[in-house]
Structures are given as structure tokens and as C-alpha cells.
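Working notes for the structure below.
The values are calculated or read from the model by the stated rules, or taken from the named source; none is laboratory data. Note that the structure is predicted; figures quoted are calculated from it, not measured. Here the Cβ is made from the backbone with ideal geometry for all residues, glycine too, and neighbour counts use every protein chain on show.
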2 protein chains.
Amino acid sequence: MGRPQKTHRTRREKSVNTRQALREAALELIDRDNSFDGLSLREITREVGVVPTTFYRHYPDMESLGLELVDDSFRTLRELLKVARQSPVETDDRIRRSVETFVTYVRANRRHFQFLARERFGGVAAIREEIRTEVRLLQSELATDLGRFPVLNKWSTDDLNMMAGLMISAMIGIVEQVLVNRRREHDDSALIKVAEKQLRLILLGTPAWRSKPVTD
Amino acid sequence: MGRPQKTHRTRREKSVNTRQALREAALELIDRDNSFDGLSLREITREVGVVPTTFYRHYPDMESLGLELVDDSFRTLRELLKVARQSPVETDDRIRRSVETFVTYVRANRRHFQFLARERFGGVAAIREEIRTEVRLLQSELATDLGRFPVLNKWSTDDLNMMAGLMISAMIGIVEQVLVNRRREHDDSALIKVAEKQLRLILLGTPAWRSKPVTD
DNA sequence: TGTACATCAGTGAACGCGCGTTCACTGATGTAC
DNA sequence: TGTACATCAGTGAACGCGCGTTCACTGATGTAC
């Protein structure tokens, strides 16, 4: 009423909101039941409460929306990892706390992770490839990070990548477990303990590494 | 012509074949492009070369067919593992050879694994749950097997399960890599080396296990 | 500040299409006598 | 061995439905003067 600057932008804001609402409706519907390529344009617009043709004002087709969902999902994940990377290094229970943070984060963003898990091998090739590219990127970043640790700074790039791949496989396994139970209040402590142990077991192997494998 | 016993059964055989052909067509179409719930009954019957209504002579709905595909996929996998379990124990390069066998097997049965990978988080709840149940079963069997090794026979059931879970996560990661490259003649040797190293790294950690984690 | 014009998000009718499912049918095979 | 009947996999027409996409439209907001 008395806010000219705000009402000034109402129309544009609404359009931005619709665009975002379309993505959120897609996430919601995927989480609720379907896979992305079992999802119809009309379902999405119906969920948002606009007419089907409005969809085309924002995306040329479903695939574009899907690719943007991949970007959304990884953008937030990258932010988490960036913060984690900058946090004070090497407290005693660093592993435990990292796992806790990660699991909490997955639960807070379950629809994004649900989407990634479902579409990583889903029916739309372009989306699969985009996800795969991002995961590979994450893996090589993790490999670089690992190389900075004293125990690992003599390792070859290949071996660092191998270890990063194993850690990511383990974490994907954990993500899957988190997703199985959809309740937000679910007690994840058992899950966190197992994940922590798995990472610890991997790390325990590192001092002994190359004692034998280096010969073949 | 001169084989009465065989022509005797032609009709029945044909029906068995159609039933199987429906499942194979579904696998083929899923491998080619779609996810299961983006797949239509008509596509499947079209692929087989029968009229859509024929489908109902064999399955009440698509979900039943999907569940049978899960059974098919795990039945063959179980057979592989059974053979592996009975094979002569403890040769020096046991890990390497197990990984080789496994990767070769995944390639030979890629459509089944493609199906499992795609539907493990796919849009059909009943199928997801069936797959999850089977994987959990596999994990507990592996945990039992692990407990028979000298290094591990003092481990708690929880810890054996933790380790089995980690190994399965690693192998699922490997399966995914195999599936990315669809060519049957693809050279998997690099992949096999990485998988072997990952398992070796896990095993290297086992002697040191419990030196510290047991206290918390 | 006021007016005239451009932009563009959202509308609603309409289209042709492939879908799952029903139904009554056909005709080959299996079974009883 | 021959005949009469039951079974049942596969057929083909028909149905109503939700789909993606087109089109000309409306009307609020932003911009130029």
C-alpha cells in the first residue's frame, strides 16, 4: 500500500516466483511418487495452479527444467562442501562431525537428493550425464583435498582418485539410507555411526597402503 | 514335421515364449531409453509383435512384470555368488580374480543390472522395496562370509555388516561405471584395477580395526 | 507528473495422439471317453 | 485310433482420458517522452 518500490516489482517477482514454483512442484512430485520422465508438464502446472501453457513462458521443454534442477541440487551441495573445507582442520572427532553435518544436510535437502538419486540412472540421458559430470568433478576435488593430508601427500593422483571414489561410493550409500526413511524427525544416529565407521575403516588402511600393491 | 512330441507342445511353448519375450522387451526398452514407469504397456507389446491385449494373458499389470524382472535379475546374481563362494579359497590374487569375474558378469548381464540401477530409486515403490530387500539380504550373506575369515572372526555382527555395506557400496559404484559404457567390447581393465585397489584398501584397514574405535 | 506504447506472464479453447482397459471373437492345442 | 468338448493365447474394434503443443487473446507492469 505505502511501498511503491515493492509494488513496482510485483509483476516481475511473480514471474520469478512461478519459475521457481515450477521447479519446486517438479521436485515435490518426484519426491512424492514419480521419476522425472514419468512426470507430465500438466501435472507440474496443475500443482503450481497455472494453466499448462504458462510452462512455456519459463522453459522450452521439460528437459531444460530437469537440467536446472540438477544445477540447483549441486549448487547447494557445493556450498556445504566449501564451508566444510574452510572449517578448522583436524579436531579429534573430525570424521564424526563431518558425517553428522552431511547427514543433517541431506535430510534438510531431501528433495534435491531424492531427485539426484532417482535421476542419476533415470530415463533422461541429458540429466544423467549432467549428474555424472558433477559427481566426477566432486570426486577430483575431494582427491585434491585428500592429497593435502600428511599421510597422503606421497600418493599418486590415480590412487587419490581411487580413494576419493571409494569415499563417495560410501557416502552415496549413506544418502540412500537417509532417503529410505522420509520422516524428517527420523533418528539418524545409528546411520551416522555406521557411516563414521566406514570412513574410519578406509582411513585405517592408508598407512599400510603401497606396502604390497605398489609391486604389481 | 516328424517330431510329434515337440509339435505337441508348440502352443504352450509359444505362450511361455511370449511371457518371456514381454520381460525381455521391457528390459530392452529400459536399457535403450526409458525408466520403468515411463514405459507403456503398448510399447512392450509392440516390441514383441503382439496385440496390446495379449499382455493381460500373462500379467495383470505392469507392476507384476516389473517385480518378476527384479526376481530374474537377482536369481542370476545369486547363482554367480554361490559359485564364487564354493570356489577354492585364498589364492594370492583372489581379490583381483573376484573383481574380474564380477565385472565380466555385469557386462554379460548388463540389461539386468541396468534395470536394477535404474529402478533402485525409480518411480515404482513396490519395485524399489523389492530391490532394497534383496540388497539387504545380499549384505547380510556377505557379512556372514566375511566372519569366516581368520582376521575377522572376532568382529561383532554390527561391524561385519558395516564392512559388508561398505564393500557393496564400492561394488555398486563399480557397476555404475560399467554401465556408463555400453559397448560390449569395452576395455574394463582400468576399471577392474580401481575396484581391486578399493577392496584392497578396505581390507588393509581390518588388522588395525578396533585399536581405537572400540573405545567410543 | 501524465500519456502513449511495448513487453510479456498468464489465459483458455482447440488439435491430434498414444495410452490402459473392456469386450466378444477365433482357432489351435490338450483332455476325456 | 477317433470324436466331442474345454482351455486359453492371441485378436481387433472400441471407449474415454490425459497428454504436449498451437494459437490468438488479455491485461498488468515497465519505459520513453
| task | Test residue A:79 against the criterion of being more than 14 Å from DNA strand C (Cβ to nearest atom), of a type in the set (D, E, K, R) and loosely packed, with under 12 Cβ neighbours inside 10 Å, and give yes or no. | result | yes
| request: Collect the residues in the range B:103-148 that are among the β-branched types (Val, Ile, Thr), assigned to a helix (DSSP H, G or I) and either surrounded by 20 or more Cβ atoms within 10 Å (Cβ to Cβ) or more than 12 Å from chain A (Cβ to nearest Cβ) (or both), keeping them in residue-number order. | output: B:103, B:104, B:106, B:127, B:131, B:144
| Which of the residues belonging to the range A:44-71 are within 14 Å of DNA strand C (Cβ to nearest atom) and either within 14 Å of chain B (Cβ to nearest Cβ) or of a type in the set (D, E, K, R) (or both)? | A:46, A:47, A:57
| request: Please work out which one of (1) within 11 Å of chain A (Cβ to nearest Cβ); (2) buried (at least 20 other Cβ atoms within 10 Å of the Cβ) is the condition residue B:177 fails and give its number. | output: (2)
| message | Tell me whether the range A:199-215 contains one or more residues that are surrounded by fewer than 20 Cβ atoms within 10 Å (Cβ to Cβ), in contact (Cβ under 8 Å) with a residue 40 or more places away in the chain and over 18 Å from residue B:195 (Cα atoms). | response | yes
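Go through the residues of the range A:3-20 one by one and say whether even a single one is more than 9 Å from DNA strand C (Cβ to nearest atom), at pLDDT 95 or above, more than 23 Å from residue B:120 (Cα to Cα) and within 14 Å of chain B (Cβ to nearest Cβ).
Taking the range A:3-20 first, the residues more than 9 Å from DNA strand C (Cβ to nearest atom) are A:3-10, A:13, A:20.
Retained after the next criterion (residues that are at pLDDT 95 or above): A:20.
Filter once more, keeping what is more than 23 Å from residue B:120 (Cα to Cα): A:20.
Cutting the leftovers down to within 14 Å of chain B (Cβ to nearest Cβ) gives us none.
Checked against the condition, which is being more than 9 Å from DNA strand C (Cβ to nearest atom), at pLDDT 95 or above, more than 23 Å from residue B:120 (Cα to Cα) and within 14 Å of chain B (Cβ to nearest Cβ), the range A:3-20 yields no hits at all.
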